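Remarks on the structure that follows.
The values are calculated or read from the model by the stated rules, or taken from the named source; none is laboratory data. All values derive from a computational prediction rather than experimental measurement. Cβ atoms come from the backbone with ideal geometry, glycine included; neighbour counts cover every protein chain shown. The protein model used for the area step is the full one, side chains on, heavy atoms only, and it has no ligands, DNA or RNA in it. Shrake-Rupley method; radii C 1.70, N 1.55, O 1.52, S 1.80 Å.
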Amino acid sequence: GTVRCGYGHHRIALALASYGGPDRPTLLHDFAAVEGCAPSVELLTRLDALYSRLSRAASEDPTGVFTRIWNELLTSGDANASRSMRQFCEQLKPLLLGLPLETPVVAAHTFVAITALLCGCKRVINLVFDNHAQPVHIVPPPAINCVQTPKCEQQLLAMGVPASNVRLVGHFLPKELAENAVADSRLRMRRARCGAPRRFLISVGGAGAQRHLLSALLRGLIRLSRELPVGISVFMNVGDHGHMRSAAIDVLRSEGVSFSECVGIGAASSFASERLGAAKRPGTSEENEDPTEGREFVVFSGGDPLEATIITEVLVRAADVLVTKPSELAFYPLPKLHTCRVGNHEALAAVRSRELGDGTAEAATVEESLRLARHLAGEGA
């Protein structure tokens, strides 16, 4: 079960759903897409719209005052917030009351887990997101709280959650990415050895925030591509945000570069498959691979939050570097350039990536991001 609050919770839900099969069918239950429960769905829709609006305001705040308030709000999920969440979830019960109580419920958002417990569901698994657990993110027994990092595991135990109700399970990854992580890493190293242009994938967050920052970063990457002998490729998934698509296209046109657009999952899948297929084609070797092949600028977009989320999933395997704020994408198995956070709750995701050695420190400015991009595009990276 999932609730839109950015793309991260959809991303986690899709990842876990990918492990279903004929012997264990999985239903992806998006609370905000349920028909016939207008008051509950409208409540979630309004909440998501408010979250997006405040996130955008915080990311574009020139004074920093509102940014500090927003950061404090996102890291203050204490016991009082937990009690308020329980009252809120009472209003969401109609979204789950038709489910048999023995059905396993895997919750990608705490709203789903709390609602399931309030409905009497007996087999509830709560997926604790980020690398900064807060009381508002955990649910009481009999639910199981699954975490991605040792730090979160220790935080939950320190909060008094029984050890029997905590599981350290590793990163919440789609099955395809997990199964191909090693092979895809080898292909990236091979492209680097043969001098092929690095492929940078910029993934816009679900709130559609950081328009000015990402526009400036895109402009800087275009200019970096001109400076480097073989250039770089830039793929940008703007999701379902029309204002981000307009901003990206304005930058590309003003810089006078040739670019293309891909709309929808089908176009993104074909694009990624072609590039992965070329790397795996029989007879292709490091000696005969064309290092100028693939220098391109492409804008991707989707029509709704789920489609927007899936587009990044399919592009990740064909990318060399993922450019992202420290969101759930910080846990993905490929090199990452971390731009600045939208909320302080995200900061420790970049720390976890650095612990594993596959991501940069969080870059506070566009200039710092471009310095890191130049390094990642270089011969020694």
Regarding the stretch 290-298, can at least one residue be identified that is open to solvent by less than 10 Å² (accessible area, probe 1.4 Å), at pLDDT 90 or above and under 26 Å from Asp48 (Cα atoms)? no
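Name the strands (runs of 3 or more DSSP E) wholly inside the stretch 137-233 in which the number of residues that are free of Cβ contacts under 8 Å to residues at least 60 places away in the same chain and of a type in the set (S, T, N, Q) is 1 or more.
Working: elements: 144-147, 166-168, 198-203.
Once the strands (runs of 3 or more DSSP E) in the stretch 137-233 are filtered for at least 1 residues that are free of Cβ contacts under 8 Å to residues at least 60 places away in the same chain and of a type in the set (S, T, N, Q), what remains is 144-147.
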In the stretch 255-272, how many are touching a residue at least 12 places away in the same chain (Cβ under 8 Å), surrounded by fewer than 14 Cβ atoms within 10 Å (Cβ to Cβ) and assigned to a helix (DSSP H, G or I)? 0
Failed condition for Val230, given (1) open to solvent by 20 Å² or more (accessible area, probe 1.4 Å); (2) out of contact with any Gly (no Cβ under 7 Å at 6 or more places or on another chain); (3) aliphatic (A, V, I, L, M), with all others met? (2)
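Residues to consider are Ala330, Ala318; find the one that is surrounded by 24 or more Cβ atoms within 10 Å (Cβ to Cβ) and over 15 Å from the mean Cα position of the chain (by Cα). First the steps, then the outcome.
Numbers: Ala330 fails: over 15 Å from the mean Cα position of the chain (by Cα).
Ala318 is the lone residue from the list that is surrounded by 24 or more Cβ atoms within 10 Å (Cβ to Cβ) and over 15 Å from the mean Cα position of the chain (by Cα).
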Please work out which one of (1) modelled with pLDDT under 95; (2) closer than 30 Å to Ala216 by Cβ; (3) open to solvent by less than 40 Å² (accessible area, probe 1.4 Å); (4) not in a loop (DSSP other than H, G, I, E, B) is the condition Val251 fails and give its number. (1)
The number of residues in the stretch 93-113 that are under 29 Å from Ala158 (Cβ atoms) and in contact with a helix residue (DSSP H, G or I) (Cβ under 8 Å, 6 or more places away or on another chain) is 8
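Of the residues Val182, Val204, which single one is of a type in the set (A, V, I, L, M), at pLDDT below 95 and either open to solvent by less than 10 Å² (accessible area, probe 1.4 Å) or more than 24 Å from Thr339 (Cα to Cα) (or both)?
Details: Val182 fails: at pLDDT below 95.
Of the residues listed, the single one that is of a type in the set (A, V, I, L, M), at pLDDT below 95 and either open to solvent by less than 10 Å² (accessible area, probe 1.4 Å) or more than 24 Å from Thr339 (Cα to Cα) (or both) is Val204.
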Filter the stretch 1-51 for residues that are hydrophobic (A, V, I, L, M, F, W, C) and under 16 Å from the mean Cα position of the chain (by Cα); the one that is most open to solvent (accessible area, probe 1.4 Å) is Leu16
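Please work out which residue is nearest to His137 (Cα to Cα), limiting yourself to the stretch 337-364 and to residues that are at pLDDT 90 or above, part of a loop (DSSP other than H, G, I, E, B) and small (Gly, Ala, Ser).
Taking the stretch 337-364 as the starting set, the residues that turn out to be at pLDDT 90 or above are 337-340, 348-364.
With part of a loop (DSSP other than H, G, I, E, B) added as a condition, the list becomes 339-340, 357-358, 360-364.
So of that shortlist, the ones also small (Gly, Ala, Ser) come out as 357, 361, 363-364.
Numbers: Gly357: 27, Ala361: 25, Ala363: 27, Ala364: 27 Å.
Ranking the candidates gives Ala361 first.
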Does the stretch 149-167 contain any residue that is hydrophobic (A, V, I, L, M, F, W, C), at pLDDT 95 or above and within 18 Å of the chain's Cα centre (by Cα)? no
Within the stretch 128-171, which residues are within 16 Å of Glu346 (Cα to Cα), open to solvent by less than 30 Å² (accessible area, probe 1.4 Å) and not hydroxyl-bearing (Ser, Thr, Tyr)? Val128, Phe129, Asp130, Asn131, Ala133, Gln134, Val136, His137, Val147, Gln148, Cys152
Can you tell me which of (1) aliphatic (A, V, I, L, M); (2) farther than 24 Å from His10 by Cα; (3) open to solvent by 40 Å² or more (accessible area, probe 1.4 Å) is the one Leu218 doesn't meet? (3)
Given the structure, is Gly120 open to solvent by less than 50 Å² (accessible area, probe 1.4 Å), assigned to a loop (DSSP other than H, G, I, E, B) and touching a Gly at 6+ places or on another chain (Cβ under 7 Å)? no
Looking only at residues in the stretch 76-91 that are open to solvent by 50 Å² or more (accessible area, probe 1.4 Å) and assigned to a helix (DSSP H, G or I), which one is farthest from Leu47 (Cα to Cα)? Ala79
Going by the structure shown, is Pro100 loosely packed, with under 15 Cβ neighbours inside 10 Å, modelled with pLDDT of 90 or more and either out of contact with any Gly (no Cβ under 7 Å at 6 or more places or on another chain) or part of a helix (DSSP H, G or I) (or both)? yes
Would the stretch 365-379 turn up any residue that is in a strand (DSSP E or B), in contact with a helix residue (DSSP H, G or I) (Cβ under 9 Å, 6 or more places away or on another chain) and touching a residue at least 24 places away in the same chain (Cβ under 8 Å)? no
